[in-house]
Structure formats: structure tokens, C-alpha cells
Amino acid sequence: MSKDALPEKACQLDSRYWRITNAKGDVEEVQGPGVVGEFPIISPGRVYEYTSCTTFSTTSGYMEGYYTFHFLYFKDKIFNVAIPRFHMACPTFRVSIARLELGPDEYEEMEDAEEEEDDDDSADMEESEEEDEEARPRRLFDVPIRRRRYSRLF
């Protein structure tokens, strides 16, 4: 709230409503008390921020909704603050080149070497990382890949 706002404009968040639409047009509505378990009071010069999340069954979608507040000085006066539509998209997933270029045994050896490297003492870590960084095969997306899951690709 602006620091120049009148003190009687101080308010408290009561609830939120979200309308979440995925890329297929499926809609999910979420409503409930507060935000992330809190009921923040907004007064002149005060800022409130929070972080939350949602999931989609598609790679993109959008959300819109509103917050419901009541004035602190006039508790019976409630009002909604609209949250304009905003779009969300998952980042593009890139398949590991190492998984495609190496055979299953070579790939497993590379994973084992990486695990051993992670077990080194932190004192040796900086030095060994610099040396090994250039020598080991590179993956585009550094997420452990289980051999049993991808054995059909080899």
C-alpha cells in the first residue's frame, strides 16, 4: 500500500480465489481462507509478498482471480482486488546427449564416477571439480537418469 494512503484504508486479506486453466481448456477453481496460511494486514507503507505454486497436466496454462479484503476500521466493508490473467509455461525439456551417445555400461560408469566425485571431501572438491570438469562427458540436463528406465533406448 502506498505510504501516502490514509490510515483508514488499512485492510486485512480474508481469502483468495483462483481460476486455473490449462492448455486443453480444463479449469480448476481454488478458493479458501488467507494465503499460504496467513491473513496479512496491509497498511500505509507496508508491502506483503508470498510464494505459492500450482500444477498443470499440460505444459502451459494461465491463472486469474481475486483477493477478498476487509477494512480494519470498517470491518463490515469488504472488497475484492482483481488479479489479472497471467500465463505460465514449463521450460523446454532437453534429452541428455550422454544417454543417447553412450552405451548402457559406459553411461552407468559415468554415473558411478559422478557419485564417487560427490563423496569427496569439501577441501578437495574445488580442485577436483576443475580437473574433472573438462575430462568427464557432458550432459545437457544434469538430472540422474536411471538405467532400468531407459534400457529400451540402447
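The values are calculated or read from the model by the stated rules, or taken from the named source; none is laboratory data. Quick caveat: nothing in here was measured; it's all calculated off a predicted structure. Glycine also receives a Cβ, built like all others from the backbone with ideal geometry; neighbour counts cover every protein chain displayed. For the accessible areas, the whole protein counts, side chains as well, though only heavy atoms, and no ligand, DNA or RNA atoms are used. Shrake-Rupley method; radii C 1.70, N 1.55, O 1.52, S 1.80 Å.
If you filter the stretch 9-47 down to residues that are of a type outside the set (A, V, I, L, M), closer than 22 Å to PHE71 by Cβ and open to solvent by 80 Å² or more (accessible area, probe 1.4 Å), you find that the one that is farthest from the chain's Cα centre (by Cα) is LYS9. Name every residue in the stretch 31-74 that is assigned to a loop (DSSP other than H, G, I, E, B), aliphatic (A, V, I, L, M) and closer than 30 Å to CYS90 by Cβ, in order of residue number. Passing the criteria: VAL36, VAL47. Taking the stretch 48-78 as the range and being over 30 Å from LYS24 (Cβ atoms) and either touching a residue at least 40 places away in the same chain (Cβ under 8 Å) or surrounded by 15 or more Cβ atoms within 10 Å (Cβ to Cβ) (or both) as the test, the residues that pass are PHE69, HIS70, PHE71, LEU72, TYR73, PHE74, ILE78.
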